[in-house]
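Peer 1: Got a structure for you, written out below as structure tokens; questions coming shortly.
The values are calculated or read from the model by the stated rules, or taken from the named source; none is laboratory data. Quantities reported herein were computed from a predicted structural model and do not represent experimental measurements. Heads up, the Cβs are rebuilt from the backbone with ideal geometry, glycines too, and the neighbour counts pull from every protein chain shown.
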Amino acid sequence: MSFKSGFVAIIGRPNSGKSTLLNTLMHTKLAITSDKPQTTRNNILGILNQEDYQIVFVDTPGVHKPKTALGKSMNKGVYSSMQDADVIYLVIDATKPFGRGDEFLMERIRNTDTNVFLVVNKVDLLSKEELLETLIKWQNQFEFKEIIPISALQDNNIDELLNTTISYLEEGVQFYPTDMLSDRSEDFRIKEIIREKVLYYTRQEIPHGVAVVVETKDESDTWVDIQALIIVERKSQKGILIGKQATMIKNIRLAAQRDLKQLLGKKVTLELYVRIEENWRNKENKLSELGYKEYDNE
Ligand SMILES: Nc1nc2c(ncn2[C@@H]2O[C@H](COP(=O)(O)OP(=O)(O)OP(=O)(O)O)[C@@H](O)[C@H]2O)c(=O)[nH]1
């Protein structure tokens, strides 16, 4: 039996459902998701192992016009994943009209010689007629190798996407050990779960201005005590995050604690602190410190 392997870059505009798709493909939650754009800030690998193939999916930040050094760094991660890919999934939100942001991304797509699939997501929100209209608009943009409508959230047509992808892969080596699901460390996943809860409970400018650092982790076989720091950009944001009588930070802490218990399989006690770092998204040293400059040397 021959063994196939390859890299699949999952790219698209913010909020199109890339991380939801990664999690559905992997049958487990590797990437956090939210209804706020620019949730994903780092590339995250999902390694799907079967007897006869290994697919390395790369979830990437949503491509957008960057306004900060953090935004620039996020876009670099996307372009780097495209260079290494055997297949690119361009994930679109089928409920959104084709816009200027899509044009920006299509310019990049037209410059690759990789197999590009148009993955039309969120079809659960559309009628058949609306879906047809979307498909007609998009297929004029580029010669996509495949056009596959899906619902990442409802696990609809994901098998078709997977089987079609396998048919494009070549015989190859196993890139990662079979027991490895992702390239991301436990600390990365802990801080992302905390950030997900901040995104869930807050709105407007707060989600974009927040970063999380795991400061200490004491543990035994049955329990773990975690102290984490939430970084914001302004004093007013700190006030909102803590909330009246500290209710906001308590909600964030309890929700994160619940998910962390599931992730780590032990009792979790989480303590959260909030610190102000003015304009951190434009400070190169802060971005490095926070793990947001992974692709700057490429
Ligand atoms: N109805 C519906 N909603 C979806 C589907 N896929 C994703 N969503 C929702 O769309 C929102 C964005 O999903 P994410 O997976 O975080 O999107 P993303 O493309 O990774 O976003 P960024 O990290 O900002 O680039 C979330 O609220 C998801 O629940 C889908 O198939 N149907």
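Peer 1: Checking LEU25 against (1) crowded, with 23+ Cβ neighbours inside 10 Å; (2) of a type outside the set (Gly, Ala, Ser); (3) out of contact with any Leu (no Cβ under 7 Å at 6 or more places or on another chain): exactly one of these is not met. Which one?
Peer 2: Answer for LEU25: the failing condition is (3).
Peer 1: Listed residues ARG189, ARG108; which is surrounded by 15 or more Cβ atoms within 10 Å (Cβ to Cβ), basic (Lys, Arg) and at pLDDT 95 or above?
Peer 2: ARG189
Peer 1: Which of (1) part of a helix (DSSP H, G or I); (2) surrounded by 15 or more Cβ atoms within 10 Å (Cβ to Cβ); (3) more than 16 Å from the ligand (Cβ to nearest atom) does SER167 not meet, given it meets every other one?
Peer 2: (2)
Peer 1: Mind counting the residues in segment 1-21 that are touching a helix residue (DSSP H, G or I) at 6+ places or on another chain (Cβ under 6 Å), away from the ligand (no atom under 11 Å from the Cβ) and small (Gly, Ala, Ser)?
Peer 2: Count: 1.
Peer 1: Does segment 138-145 contain at least one residue that is within 20 Å of LYS96 (Cα to Cα) and within 16 Å of the ligand (Cβ to nearest atom)?
Peer 2: There is no residue in segment 138-145 that is within 20 Å of LYS96 (Cα to Cα) and within 16 Å of the ligand (Cβ to nearest atom).
Peer 1: If you don't mind, another one. Which ones in segment 22-35 are near the ligand (Cβ under 7 Å from one of its atoms) and not small (Gly, Ala, Ser)?
Peer 2: If the condition is that a residue be near the ligand (Cβ under 7 Å from one of its atoms) and not small (Gly, Ala, Ser), then THR33, ASP35 are the ones that fit.
Peer 1: For the subset of segment 110-130 comprising residues that are of a type in the set (A, V, I, L, M) and out of contact with any strand residue (DSSP E or B) (no Cβ under 6 Å at 6 or more places or on another chain), which member is nearest to the ligand (Cβ to nearest atom)?
Peer 2: It comes out as LEU125.
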